[in-house]
Amino acid sequence: MSAAEDFDDAIAQALERGQRHDEAMNLVKGLTNQLAQSVAKQTGGAVEIVLVNEEDAQTAIHKFNDAMTELAAHSGARRRRLGGDSEDRQSRQFVLARSKQDPTASRILWEVEIDHDGFPVTVRGPEEGHAVSCWTDDDLRERFVAAAGSGLVGRKIAALKTP
């Protein structure tokens, strides 16, 4: 093979991987939107659910969650190892609940990390130290439902609902 053919193959693979990543991200966004609709219905619209990147999660939570200090230290070291690539921040997303009455009151429900090839998608949380790698759309949907049903998630949402 010539270098040109090698580059053609490499670019074709890169485009395919990018498409798989986008498909996984769209699935995560769709599941988050469905969760948001359910939470809005259950809380009378008092709590909204959003998907945010790592930087936005730190900004939203910083004042209210001491655990973010640890997250910031970890992510800063990770970003340095990866050369500060903003693509990494797009691969790590956080499902965040926030009060509509007090926009500064927010809680991270769980983290989602999408592999650069799309799958696996790893869901970390809601309980500390709990991580599940999902290899299919169905696995991911089941994990989102299981995470949403966690007592910890219920307590966080209830705390945001209360004025």
Under 5 Å between amide hydrogens, which residues at least 5 positions from G118 or on another chain qualify, with H placed 1.01 Å from N in the peptide plane? H21
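If you take every DSSP beta bridge whose two residues both sit in region 88-162, what share of them, in percent to the nearest 5, is antiparallel? The partial results should precede the final answer.
On the way: 16 of 16 bridges.
Within region 88-162, antiparallel bridges account for around 100 percent of the total.
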So if I take the centroid of the Cα atoms in region 89-112 and the same for region 17-38, what is the distance between those two points in Å? 15 Å
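Using DSSP to call loops (not H, G, I, E or B), can you name the GluC sites (Glu not before Pro) in region 117-161 whose Cβ has at most 16 other Cβ atoms within 10 angstrom? Walk me through the numbers before you get to the answer.
Working: sites: E127, E128, E142; in loops: E127, E128.
In loop regions of region 117-161 (DSSP not H, G, I, E or B), the sparsely surrounded GluC sites (Glu not before Pro) are E127, E128.
Read-outs: derived from the displayed coordinates by stated rules, not from any lab. Values in this document were obtained by computation on a predicted structure and should not be read as measured data. Here Cβ is always computed from backbone atoms with ideal geometry, including for glycine, and neighbour counts include all displayed protein chains.
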